[in-house]
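The values are calculated or read from the model by the stated rules, or taken from the named source; none is laboratory data. Just so it is clear, the structure is predicted and the values come from calculations on it, not from any experiment. Glycine gets a Cβ as well: all are built from the backbone with ideal geometry, and neighbour counts include every protein chain shown.
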Amino acid sequence: MLLKPLDVPGLFLIELERMEDERGFFSRLFCADTFLQHGLCTDYPQWSVSFNSRRGTLRGLHFQAPPQDEIKLVSCTRGAVFDVAVDLRLGSSSRGKWAGVELSADNRSTLYIPAGFAHGFQTLTDDAEVRYHISERYRPEAARGVRWDDPDLAIIWPTAAERVMSDRDRTLPSLRDL
């Protein structure tokens, strides 16, 4: 597996390093030793899945407040999504900066999102499935979010004929109002 740092410090795109032959390929999805060498989390007590039946579904931007802030490994196991992480870390030189990547069943990439980041995605296909490995157990009282269309963040989301969202996500505060 190849860990590629993204433009926002702390974010990594993890791509497969394939060993291919006539049968197909083999690749490591996770290696604790490699993660430890890069100073990354290796303990994920919660695994979650998000199934999204319609293209244009937007979820996020979500995070858990400290001390329950989460580290996430996010991958798309069916279909494709545009996945976004926003730096919310106080004192960070990249606070308010975001990175977006396409995750898909075809590219089999994973996004490593450190603590202190908000996360969201928009589906690019019908029937998209996103899997999470999460470093903290979900605590409803710590659940927070920031607006997907916050002008200060200026996230460039893919165009969607129709955006499917929850009422909660439509009414999340801006970064300034957190």
Task: Residue within the range 80-94 that is among the acidic types (Asp, Glu) and either farther than 30 Å from Leu29 by Cβ or over 14 Å from the mean Cα position of the chain (by Cα) (or both) present - done: no
- [ ] Among the residues of the range 6-37, write down those that are surrounded by fewer than 11 Cβ atoms within 10 Å (Cβ to Cβ) and within 27 Å of Arg89 (Cα to Cα).
- [x] Asp7, Asp33, Gln37
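Results for (1) buried (at least 16 other Cβ atoms within 10 Å of the Cβ); (2) not basic (Lys, Arg), shown as yes or no for each residue.
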| position | (1), (2) |
| --- | --- |
| Ser109 | yes, yes |
| Phe117 | yes, yes |
| Gln122 | yes, yes |
| Asp127 | no, yes |
| Ile134 | yes, yes |
| Arg139 | no, no |
| Ala143 | no, yes |
| Asp150 | yes, yes |
Open item on the list: I'd like to know if the range 105-117 contains one or more residues that are out of contact with any Pro (no Cβ under 9 Å at 6 or more places or on another chain), more than 26 Å from Gly39 (Cα to Cα) and assigned to a helix (DSSP H, G or I).
Closed with: no
- [ ] Select the strands (runs of 3 or more DSSP E) contained entirely in the range 1-102, then report the ones holding at least 1 residues which are touching a residue at least 60 places away in the same chain (Cβ under 8 Å) and hydroxyl-bearing (Ser, Thr, Tyr).
- [x] 46-52
Open item on the list: I want to confirm something. Restricting to the range 152-163 and keeping residues that are over 14 Å from Phe82 (Cβ atoms) and either among the hydrophobic types (A, V, I, L, M, F, W, C) or at pLDDT 95 or above (or both), which single residue is surrounded by the fewest Cβ atoms within 10 Å (Cβ to Cβ)?
Closed with: Ala161
- [ ] May I ask you to list the residues in the range 153-173 that are under 23 Å from Glu70 (Cβ atoms), part of a loop (DSSP other than H, G, I, E, B) and either within 19 Å of the chain's Cα centre (by Cα) or among the acidic types (Asp, Glu) (or both)?
- [x] Leu153, Ile155, Trp157, Met165, Ser166, Leu172
Open item on the list: Pull out all pairs, ordered by first then second residue, where Cβ-Cβ is under 9 Å, the residues are six or more apart or on different chains, the first lies in the range 151-178 and is in contact (Cβ under 8 Å) with a residue 60 or more places away in the chain and within 16 Å of Trp98 (Cβ to Cβ), and the second is assigned to a loop (DSSP other than H, G, I, E, B) and aliphatic (A, V, I, L, M).
Closed with: Leu153/Val146; Pro158/Leu124; Leu172/Val146; Leu175/Leu88; Leu175/Val146; Leu175/Leu153; Leu178/Leu88; Leu178/Val146
Task: Filter pass, Glu136 being modelled with pLDDT under 95 and part of a loop (DSSP other than H, G, I, E, B) - done: no
- [ ] Determine which member of the set Leu61, Leu88, Leu3 is within 21 Å of Val164 (Cβ to Cβ) and either surrounded by 12 or more Cβ atoms within 10 Å (Cβ to Cβ) or among the acidic types (Asp, Glu) (or both).
- [x] Leu61
